[in-house]
Amino acid sequence: MFRLSVTGPKGQSNEIQCAADRATIGKGDDNIVVLRGFTVGKRQATIHQRPGGFYIEDHGGLSTTEVNGRMVENEHGPLIPGDVISIAGYAIRILDNGAAAPAAVVAAPPPKPAAPPPPPAPAPKVVEAAPPPPPPPPAPKRAPEPEPARVSLPPVELDARAITN
């Protein structure tokens, strides 16, 4: 069990009580220390409390994990009082018997319970096919068109002189 002091990029500070022998750090909501920022990895790093002291393990991300300005490759430790862990503008310190002054106390979130299994899928419903629609009614018949009227005219005699003039 140990405490961490976390100071954000804008100067906001929190103290986090870690009930286990390790504290995960990252932007995932399942971490003990949740940091915001697109360069922070979902699980960026883990602080381990071991018999020989505190160690930080880097898991990678776009942002580097540093201790006192030096990049951590894989693991660094043991950490000593006053060491500053830097990730994406955040400063994290391990509090040694209350050596650092806390700001606001925030309890570490309890582990999230496993999600319940999804409900079984409903049985498919049997739907009977609907009968085909009735055929459309026949188009109304058109009345036959009347034939043109025929007119008989008497033959006309033409005068050839009238045509040539």
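The values are calculated or read from the model by the stated rules, or taken from the named source; none is laboratory data. Note that the structure is a prediction, hence the values are computed from the model and not measured. Note: ideal-geometry Cβ built from the backbone for every residue, glycine included; neighbour counts use all protein chains shown. These area figures cover heavy atoms from the full protein model, side chains too; ligands, DNA and RNA do not enter into them. Shrake-Rupley method; radii C 1.70, N 1.55, O 1.52, S 1.80 Å.
Summary of computed values
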read-out	value
Residues of segment 16-36 classified as open to solvent by less than 60 Å² (accessible area, probe 1.4 Å) and either at positive phi or in contact with a Leu (Cβ under 7 Å, 6 or more places away or on another chain) (or both), total	6
Subset of segment 13-44 (residues that are in a loop (DSSP other than H, G, I, E, B), in contact with a strand residue (DSSP E or B) (Cβ under 8 Å, 6 or more places away or on another chain) and free of Cβ contacts under 8 Å to residues at least 40 places away in the same chain)	ASP21, LYS27, GLY28, ASN31, GLY41, LYS42, ARG43
Residue under evaluation ALA99, criteria (1) at pLDDT 85 or above; (2) farther than 25 Å from ARG36 by Cβ; (3) small (Gly, Ala, Ser), criterion not met	(1)
Meets criteria (without any contact (Cβ under 8 Å) to a residue 40 or more places away in the chain and surrounded by fewer than 16 Cβ atoms within 10 Å (Cβ to Cβ)) for ARG50	yes
Per-region count, segment 53-69, residues hydrophobic (A, V, I, L, M, F, W, C), under 13 Å from ASP83 (Cα atoms) and open to solvent by 30 Å² or more (accessible area, probe 1.4 Å)	1
Yes/no for PRO9 being under 19 Å from PRO81 (Cβ atoms), surrounded by fewer than 17 Cβ atoms within 10 Å (Cβ to Cβ) and either in contact (Cβ under 8 Å) with a residue 60 or more places away in the chain or over 27 Å from the mean Cα position of the chain (by Cα) (or both)	no
Residue in segment 77-85 that is of a type outside the set (Ser, Thr, Tyr), modelled with pLDDT of 90 or more and within 34 Å of the chain's Cα centre (by Cα) present	yes
Selection within segment 45-76 - of a type in the set (Ser, Thr, Tyr), modelled with pLDDT of 90 or more and in a loop (DSSP other than H, G, I, E, B)	THR64
Every residue from segment 51-86 that is farther than 21 Å from GLY8 by Cα and in contact with a Phe, Trp or Tyr (Cβ under 8 Å, 6 or more places away or on another chain)	PHE54, GLU75, HIS76, GLY77, PRO78
